[in-house]
Amino acid sequence: MQTEVIRIGGMNCMGCVNKVKTGLESIAGVKRADVSLEQKQVILQYDESETDPQQFRLAIRNAGFESIS
């Protein structure tokens, strides 16, 4: 199990948090996505044999937000 922390730009409400969380948790291999509005980041736990951080950044972008390295 791997952990990845990704900062997210553009979130300003709980609706944003839910949109990001739903998008990330729909990715195969993602076990947990803890999205924080206050810290503007997500902490992901995932199986590295099933997915990778590029998929997370794509899902964040598809949800309408920016992933910040």
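Every number here is computed from the coordinates shown, using simple stated rules; none is lab data. Model, not experiment: these values are computed from the prediction. Cβ: placed from backbone, ideal geometry, glycine included. Neighbour counts: every protein chain shown.
Calculate how steeply helix 53-62 sits against the longest principal axis of the alpha-carbon atoms of the chain, using the helix alpha-carbon long axis, and give the answer as 0 to 90 degrees to the nearest 10.
Around 30 degrees separate the two axes.
Counting just the Cα atoms, what span does the chain cover along each of its three principal axes? Round to the nearest Å and put the largest first.
Largest first, the chain extends 33, 20, 20 Å along its Cα principal axes.
Based on the Cβ-Cβ distance of Arg32 and Glu66, what FRET efficiency does E = 1/(1 + (r/R0)^6) give at R0 = 35 Å, to the nearest 0.05? Display every interim value, and only then the final one.
Working: r = 22 Å, r/R0 = 0.63.
Computed FRET efficiency for Arg32 and Glu66 comes out at 0.95.
Percent relative contact order of the stretch 1-41, based on C-alpha pairs within less than 8 angstrom and at least six residues apart?
Reported as a whole number, the value is 49 percent.
Could you work out the relative contact order of the chain? I mean the mean sequence separation of Cα pairs under 8 Å and 6+ apart, divided by the number of residues, in percent.
43
Let's see if you can work this out: charge +1 on each Lys and Arg Cβ, -1 on each Asp and Glu Cβ, no other charges. What is the dipole magnitude of the chain about its Cα centre, in debye to the nearest 20? Numbers along the way, then the final one.
Details: 8 positive and 9 negative charges, 57 e Å.
Using only the charged Cβ atoms, the result is roughly 280 debye.
In deg cm²/dmol, rounded to 500, what helix-only [θ] at 222 nm does the chain give when every DSSP H run of at least 4 residues adds -39500 (n - 2.57) and the total is split over its residues?
My calculation for the chain gives -9500 deg cm²/dmol from helical runs alone.
Please work out the Cα center distance from the stretch 1-15 to the stretch 19-69, rounded to the nearest Å.
Cα centroid of the stretch 1-15 versus Cα centroid of the stretch 19-69: 7 Å apart.
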